[in-house]
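The next block holds one structure in the form of structure tokens; read it before the comments.
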Amino acid sequence: MMLNVSSISEYVYCPLKVYLRQSEGHNIQTPAMLRGRMVHEVRRGFEELLKRNLWSINEEMNAKTIFEILMEDVAEFVDKTLLKYCEKESMDPKSAETISRKLKDDFEVESWLMAVKVWKIISNRPKSGSDIADMFFPPVLLEFTIENNELNLRGKIDRIEIMDGYYYPVEVKSGLPPVKGVWKSDSLQIAAYALLMEEEFNREVSVGFIDYMGSCQRRPVFMEVNLREEVLNVLEEMRMMFHEGVVPEMVQNPKKCSKCEYSEICEYSTN
Ligand code: SF4
């Protein structure tokens, strides 16, 4: 069975979760997962709209006009996507409404910040809309899937940004970052993507990024030797678990079990 990079964070939370889902076929989708998927899709669409709207900017414009152009079609797109999730994925309309408000607020703030930066740039030196779009959005590969038989690993990378011939994996998270650095599971996920990319593109990946959209922050993950070793160890443990049925020793954690979607079917649950 090929391992999936997205299972690493679940494994770090509790190895049994991954085991129950992948080996026993219990694929439980929680409302939180559905929300995460939807926010991901809306954010991707928002970025596409920003890129498109930047092309209409010219040096005559002030920051307010630039903001209005950046926000063109954004609210309609958010509503349309949320409606799709309510109709096709049975998302609770009340929860969709709350998310819609929050996303629109976030997008307004982000568009304002971008509008002010764009206005400063074009006030100093006139540039075309396409030049500005290139400045803010470097070449990128979106949702790029890599499979590697030697690593026995597969991953779908949110974004691969390419700058000056270097490739950087970027994972987009809807939540908040820790006070410093990134969450452990996030660093392992980036490290696994970096391993896949190094094999795929035959070039070293020395750093990746996590975009925490809950606080509009990008945090780096450096591919240090320790992190490489750690992710290889986790992958080896996962392999042992799936292929030889060796579930690593774990300390039961009532806090985790109380939030776990498998608590009703898991025999180790403390609930
Ligand atoms: S219920 Fe507890 S022990 Fe079972 S999978 Fe969930 S977190 Fe792990």
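Here are a few things to note about the model shown:
- Condition met for Glu72 (at pLDDT 95 or above, in contact with a helix residue (DSSP H, G or I) (Cβ under 7 Å, 6 or more places away or on another chain), open to solvent by 40 Å² or more (accessible area, probe 1.4 Å) and not assigned by TED's automatic domain parsing to the domain that holds Val182): yes
- Within region 6-44, the set of residues being of a type in the set (Gly, Ala, Ser) and either touching a strand residue (DSSP E or B) at 6+ places or on another chain (Cβ under 7 Å) or not in a helix (DSSP H, G or I) (or both) comprises Ser6, Ser23, Gly25.
- Matching residues in region 45-59 - criterion: being in a helix (DSSP H, G or I), touching a residue at least 24 places away in the same chain (Cβ under 8 Å) and open to solvent by less than 30 Å² (accessible area, probe 1.4 Å): Gly45, Phe46, Leu49, Leu50, Leu54
- Answer from Pro178, Pro169 - the residue that is within 17 Å of the chain's Cα centre (by Cα), assigned by TED's automatic domain parsing to the domain that holds Glu230, surrounded by fewer than 17 Cβ atoms within 10 Å (Cβ to Cβ) and modelled with pLDDT of 95 or more: Pro178
- Complete set of residues in region 1-15 that are under 17 Å from the mean Cα position of the chain (by Cα), open to solvent by less than 20 Å² (accessible area, probe 1.4 Å) and either hydrophobic (A, V, I, L, M, F, W, C) or more than 16 Å from the ligand (Cβ to nearest atom) (or both): Val5, Ile8
Here's the yes/no breakdown for (1) more than 16 Å from the ligand (Cβ to nearest atom); (2) among the hydrophobic types (A, V, I, L, M, F, W, C); (3) under 21 Å from the mean Cα position of the chain (by Cα):
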{"residue": "Met197", "(1), (2), (3)": "yes, yes, yes"}
{"residue": "Glu200", "(1), (2), (3)": "yes, no, yes"}
{"residue": "Arg218", "(1), (2), (3)": "yes, no, yes"}
{"residue": "Met238", "(1), (2), (3)": "no, yes, no"}
{"residue": "Glu244", "(1), (2), (3)": "yes, no, no"}
{"residue": "Pro254", "(1), (2), (3)": "no, no, no"}
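- Each residue in region 141-155 was checked for being charged (D, E, K, R), part of a strand (DSSP E or B) and modelled with pLDDT under 95, and 1 pass.
- Residue within region 51-63 that is aliphatic (A, V, I, L, M) and under 18 Å from Met91 (Cα atoms) present: no
- Among residues of region 60-113 being in contact (Cβ under 8 Å) with a residue 24 or more places away in the chain and among the acidic types (Asp, Glu), the one that is nearest to Gln29 (Cα to Cα) is Glu89.
- Filtered residue count, region 16-34, keeping only those that are over 14 Å from the mean Cα position of the chain (by Cα), surrounded by fewer than 20 Cβ atoms within 10 Å (Cβ to Cβ) and within 16 Å of the ligand (Cβ to nearest atom): 11
- Qualifying residue in region 35-44 (condition: open to solvent by 60 Å² or more (accessible area, probe 1.4 Å), assigned by TED's automatic domain parsing to the domain that holds Ser130 and at positive phi): no
- Positions within region 256-266 being more than 8 Å from the ligand (Cβ to nearest atom) and not in a helix (DSSP H, G or I), in sequence order: Glu264, Ile265
- Cβ pairs under 7 Å, 6+ apart, first in region 119-138 and without any contact (Cβ under 8 Å) to a residue 12 or more places away in the chain and farther than 14 Å from Glu48 by Cα, second part of a helix (DSSP H, G or I) and of a type in the set (Phe, Trp, Tyr): none
- Some residue of region 203-221 being in contact with a Lys or Arg (Cβ under 7 Å, 6 or more places away or on another chain), assigned to a helix (DSSP H, G or I) and either in the same structural domain as Glu108 (by TED's automatic domain parsing) or of a type in the set (Asp, Glu) (or both): no
- Looking across region 238-264, just one residue is open to solvent by 80 Å² or more (accessible area, probe 1.4 Å) and either in contact (Cβ under 8 Å) with a residue 60 or more places away in the chain or among the small types (Gly, Ala, Ser) (or both), and that is His243.
The values are calculated or read from the model by the stated rules, or taken from the named source; none is laboratory data. If you're wondering where the values come from, they're calculated on a predicted model, not measured in any experiment. All Cβ positions, glycine included, derive from the backbone under ideal geometry; neighbour counts span all protein chains shown. Heavy atoms of the whole protein, side chains included, go into the accessibility calculation; ligands, DNA and RNA do not. Shrake-Rupley method; radii C 1.70, N 1.55, O 1.52, S 1.80 Å.
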